[in-house]
Amino acid sequence: MAFGSDTKPVALEDNRTKDVEVGEMNIDGLQEYWSHKVLIFSSNVDQMFSYGLEDEENLSTTSDNRFTKPQFVHEKDQETYQTFLGFDDFFKDETHLDMNNQSYVKVSGGYEYDHRGESSFVHTLSARIKLPKTQEKLHIFIGEETQDAHSLRQPSLNEGIGIKYYFPSLYGRLFSNASIGFSGINNPYVKTRIEYPVIFDNWLFKLSQNFKYSLESHFDEWTNIYFDRKLSDQEVLQLLLRRSTNSEVRGMDYLSQISYMRTRKYDVGYTYYISCNGRTKDLSDLQYDNRLIPQEGVYEYATGAIWRQKLIGDYLFYQVEPIISFHEQYNYKPNYLFKLTLDLYFGKK
């Protein structure tokens with residue numbers, strides 16, 4: 001179907017929707033009802049970018065095998081790679097969902113307590129509309145992550161709405177994409193990303209390079225390096241290294257973080273981590289709220305833990321995260337933080 005033709009949108013009716021009567025909805029029925037609406041909307045948008053229609057079964061089961069059975073993973077390493085994907089699925093759901101060709105909406109809300117700073121309620125909305133009829137190349141997103149590196153001390157940042165294009169992989173292992181969007185009506189941006197993963201024995205090495213230009217913050221670039229070690233089917237050790245620069249800020253920022261992740265059973269997992277953040281230059285033109293000037297060197301040490309558990313099915317999670325931070329803003333005196341978050345998903349995982 002060409003864009004703008006008279007072909008009607010796909011209805012995607014099935015027995016599940018017919019069985020969920022409005023007056024009889026429990027929480028499972030409500031989640032299933034709105035998840036189905038997300039899939040209907042996704043298929044209708046997908047239809048506008050395609051030349052033909054697929055049957056309903058194909059629309060609801062299409063998946064991207066680049067990540068479930070990647071070419072760069074040898075047969076003997078498949079089980080190890082699936083373990084890494086399982087931890088990504090549980091602890092980093094947004095990244096894992098973004099790797100799979102499924103549409104979803106994620107709503108998060110919670111409270112962040114900051115002993116020395118300002119405590120606040122937080123809420124975020126993110127979504128992915130996958131367009132499989134474009135041969136897995138075009139995605140519509142809401143809430144793109146700026147650092148996409150899952151430093152546990154740095155939350156995802158909402159970047160508005162945009163379109164992302166996935167280039168064909170090179171040599172079976174070099175993945176790249178480009179996106180254009182708006183993080184505010186007056187702040188358009190473009191962004192590119194390149195990722196190169198390598199797996200051997202019980203190790204996963206992954207290098208990613210990112211470039212971004214926006215009207216407000218101008219040029220950003222950052223590099224993430226992961227070293228993941230499988231200890232057992234329930235345990236993973238991860239080392240994350242990052243460096244980043246911004247054209248408006250002197251010098252370079254860097255981050256190192258080591259994390260131990262474990263799942264106790266299918267619906268419970270926890271993480272311990274230690275991290276440090278630093279910079280290579282004084283920021284003499286900036287000040288903290290207490291008028292201290294950011295200095296060269298490590299400006300924060302932190303340690304924390306995460307407890308994450310499914311409440312209902314695969315769509316409602318709660319997460320608690322206590323943190324002890326030593327920041328130069330407070331003369332490296334201990335600061336106590338606590339985060340409580342609920343994540344709710346609509347769509348097919």
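Please treat every number below as a calculation from the coordinates, not as lab data. Because the structure is a prediction, the values reported are computed rather than measured. Note: ideal-geometry Cβ built from the backbone for every residue, glycine included; neighbour counts use all protein chains shown.
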### Task
Express in nm, to one decimal, how much length is gained between I324 and R229 on full extension, taking 0.36 nm for each residue of separation and deducting their alpha carbon distance.
31.7 nm
### Query
Applying 1/(1 + (r/R0)^6) with R0 = 22 Å to the Cβ-Cβ distance of S169 and V190, what FRET efficiency is obtained, to the nearest 0.05?
0.55
### Task
Step through the table entries K137/K212; K130/K191; K212/K265; K106/K206; K265/K333; K230/K310, compare each Cα-Cα distance with 30 Å, and write down the pairs that go over it.
K212/K265; K265/K333
### Relative exposure of H139, H74, judged by other C-beta atoms within 10 Å (fewest first)
H74, H139
### Rough spin-label spacing in nm, given labels placed 7 Å along Cα→Cβ, for I180 and L342
3.9 nm
## Note on the structure
Here the FRET efficiency for I161 versus D289, based on Cβ atoms and R0 = 25 Å and rounded to 0.05, is 0.20
## Note on the structure
S120 and M252 label points (each 7 Å along its Cα→Cβ direction) are spaced in nm at 3.1 nm
